1. May I ask you to list the residues in the range 451-492 that are of a type outside the set (A, V, I, L, M), within 14 Å of the ligand (Cβ to nearest atom), under 17 Å from Thr333 (Cβ atoms) and not in a helix (DSSP H, G or I)?
2. Here are some residues: Lys637, Lys617. Which one is within 40 Å of the chain's Cα centre (by Cα), on the phi < 0 side of the Ramachandran plot and within 16 Å of the ligand (Cβ to nearest atom)?
3. In the set Gly521, Gly431, which member is within 16 Å of the ligand (Cβ to nearest atom), more than 33 Å from the chain's Cα centre (by Cα) and modelled with pLDDT under 85?
4. Residue pairs, Cβ under 8 Å, 6 or more apart or interchain, first in the range 327-342 and within 12 Å of Asp379 (Cβ to Cβ) and not assigned by TED's automatic domain parsing to the domain that holds Ala606, second of a type in the set (Asp, Glu) and within 9 Å of the ligand (Cβ to nearest atom). List them.
5. So, Ile73, is that one surrounded by 12 or more Cβ atoms within 10 Å (Cβ to Cβ), modelled with pLDDT under 90 and assigned by TED's automatic domain parsing to the domain that holds Arg199 or not?
6. Give the range 277-316 a look and list any residue that's more than 16 Å from the ligand (Cβ to nearest atom), part of a helix (DSSP H, G or I) and in contact (Cβ under 8 Å) with a residue 12 or more places away in the chain, or say none.
7. How many of the residues making up the range 336-362 are within 13 Å of Thr252 (Cα to Cα) and either outside any helix (DSSP H, G or I) or within 14 Å of the ligand (Cβ to nearest atom) (or both)?
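The values are calculated or read from the model by the stated rules, or taken from the named source; none is laboratory data. The structure presented is a predicted model; accordingly, all values stated were derived computationally and were not measured. Counting neighbours? That spans all protein chains shown, and the Cβs are built from the backbone with ideal geometry, glycine included.
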Amino acid sequence: MMDFNTIFRGALPNFTANGTGAAATNATGNTFSSGIMESLVPLLGSQFSPLLKAYMLFHNMAGSHLGLDPALIVTLFGIIWAANKLWRQLFMTVYTFVHTHFMSSITITNNDEMYIHMMRWLASQPRMVNSRSLTAESTSKSAWEEEDDSGIISAPISADGDGIYLNFSNQEAKSPPRFVPALGTHGFWHNGRYFRLHRKQESIFEEGGGSMTAFKDKEYLMLSCFGRSPEPIKHLLQHAKEQYYTDHHAHTIVKRPAPQNMRRYGGRHNWLQVSNRPVRPMKTVVLDGKQKIQVLVDMNEYLHPATPRWYANRGIPLRRGYLFYGPPGTGKTSLSFALAGVFGLDIYVISLQEPTLTEEDLSALFNSLPRRCVVLLEDIDSAGLARAPDASTDEDKAEETNEKDDRKRKKTETKEDWKVSDLARELKKQGGENEKKGISLSGLLNAIDGVASHEGRVLIMTTNKPESLDEALIRPGRVDLQVGFSNATQEQAKELFVRMYEADSSPVIRNPLRGSVQHSGKIITNGPAQPQGSNNTKIRDSSSDGFTSDGSTEVDDRSSAFTSPVKVNFGPGLDDDAGDMTPEQLDEIADSFAQKIPPGQLVSPAEIQGFLLKRKKQPIQALAEVEVWVEALVKQKASKTKVLKVQ
Ligand SMILES: Nc1ncnc2c1ncn2[C@@H]1O[C@H](COP(=O)(O)OP(=O)(O)OP(=O)(O)O)[C@@H](O)[C@H]1O
């Protein structure tokens, strides 16, 4: 019978025989090589000595105990290693050949929105989620996402406040992580076709000017499929994108300028999504119906795909600006959001008081807007826009005079007379010199309509003090339509009351504008720019099959998709004094409520909403308490105190 060594030797190439000799010489060979190894240990130093010792142990064990030729085993491992290398090389060559000649691929970088669409899609694929190599990402639900309330313990709260209150301390633990493919290569099937996904990451050195240099991780997704046409991948990407936006349907995405360190990467990094909230139904904004129609029609015509050509043929810059003015809490922001909802646009909110915002940043922000969107510049009057750099306020002048006096006084004093107050003043002065100057009026005008500024956007500026605005800011071309808001009329108070207490299960109001009431708001239009004529637009509420005006263009108010047919249950703890009130009864109570609101428009819709919210299931109680509340509110406003006696 042949022994193990003989079989191996027969299978291995000849050169191994020279080194190994016959099995009989094993012992001599082992002793010889052990001797060499031992003498090598001190020469190689402490770093390699454990390795050598381990090898010697293996050598002795294999040789003397197992009766195997150690050199033979080492050679065998060497051959396996070389074969593996060769196989890999061969595989890579064949794969590269097939990939180059028989496959198509598309690469996406994480700088692009497409990357997010694709990752979200992959995370939603059950096959992908069951892959063996995954990356887990933490997720948390936004305030508006539906959540399972089955585990929420609640019990009636007694009149003296005893009971079990809701507790959300472990809500984060309930949101499951999201799993996406890990770095590396994955394969998956979609619509009967095989796709390969290669996710890789590399660190690149980015120079941002000055000390702003840093290593940044950049990720790539390479999607490949068999065939010489990349069409299937394009379809897959389109599918992922549609899937992503299907989830966003009937939501308004709100974006704000990203932090300064992110903005330096430019492009989509300039803006950060801060919220994704359900669309605000247009009918929930209580406003003069004519005003609503006018803004809706104007915006609808401006956003029409035929409009850019119309503007271009006439050499008019493709921009539309709106000024919403009126007292605080009268619905300026609410209308902006409702408009974004009607037209399915994202809202980009900019605060000019943001301390890190420079004029260059503002231009970059305007230039990185998408083709169609709403840009909201809130409280434009409080932005402190300076017309001329040398315009100094009375305060500055007073300070200047004080400084002159100080200097005169100091001349008569010796250096030793310096006080702490002098030092503080000096420091303040130096600090002031380094302080950021803020955004000037010309900087803002440049961003809004400078030569390089973005076209296609809808700009909405809101203000409480229109009279304090610079004429240049609101001239036609920058502001094309002014919409005035005012405190609540009695009709508006009634509408707010009905909205608050109508059951969600009641039939939805078919027309978003019907039921809106007149108030003393004004509309001033600045200039024409109406390509399709102003009488051909229909505003359609998706809950409705009726239309409000004649014409051919339809606006789908997606907002109504949110009118739930289910009556909302707030849980125990709130007494419902409305019972099964009929719409007629509610209307009657609402009428009586409205009579108690002073007709002189002293109370804002926001104040009425706040009052009703505190009694959100008690319309009868609200009616009983409104008189006292109004009286206290009027008194408080007259005395200019901020503290409410009755809430
Ligand atoms: N006309 C209105 N119709 C319905 N709700 C309104 C109206 N006006 C105000 N509200 C309610 O009052 C709150 C504040 O409204 P909003 O922020 O739109 O007011 P604003 O005019 O933009 O105020 P500010 O000038 O202080 O920014 C919101 O919750 C909104 O629902």
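1. Across the range 451-492, the qualifying residues are Thr462, Thr463, Asn464, Lys465, Gly484, Phe485, Ser486, Asn487.
2. Details: Lys617 fails: within 16 Å of the ligand (Cβ to nearest atom).
On inspection, the qualifying residue turns out to be Lys637.
3. Among Gly521, Gly431, only Gly521 is within 16 Å of the ligand (Cβ to nearest atom), more than 33 Å from the chain's Cα centre (by Cα) and modelled with pLDDT under 85.
4. From residues that are within 12 Å of Asp379 (Cβ to Cβ) and not assigned by TED's automatic domain parsing to the domain that holds Ala606, the pairs are Thr333/Glu378.
5. no
6. So in the range 277-316, the residues more than 16 Å from the ligand (Cβ to nearest atom) come out as 297-316.
With the extra rule that they be part of a helix (DSSP H, G or I), the set shrinks to 297-303, 307-313.
Scanning the range 277-316 gives Val297, Asp298, Met299, Asn300, Glu301, Tyr302, Leu303, Thr307, Pro308, Trp310, Tyr311.
7. Within the range 336-362, residues that are within 13 Å of Thr252 (Cα to Cα) and either outside any helix (DSSP H, G or I) or within 14 Å of the ligand (Cβ to nearest atom) (or both) number 12.
So that you can scan it fast, the table gives a plain yes or no per residue for (1) surrounded by fewer than 17 Cβ atoms within 10 Å (Cβ to Cβ); (2) outside any helix (DSSP H, G or I); (3) without any contact (Cβ under 8 Å) to a residue 60 or more places away in the chain:
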| residue | (1), (2), (3) |
| --- | --- |
| Arg615 | no, yes, yes |
| Val630 | no, no, yes |
| Lys635 | yes, no, yes |
| Ala638 | yes, no, yes |
| Thr641 | yes, yes, yes |
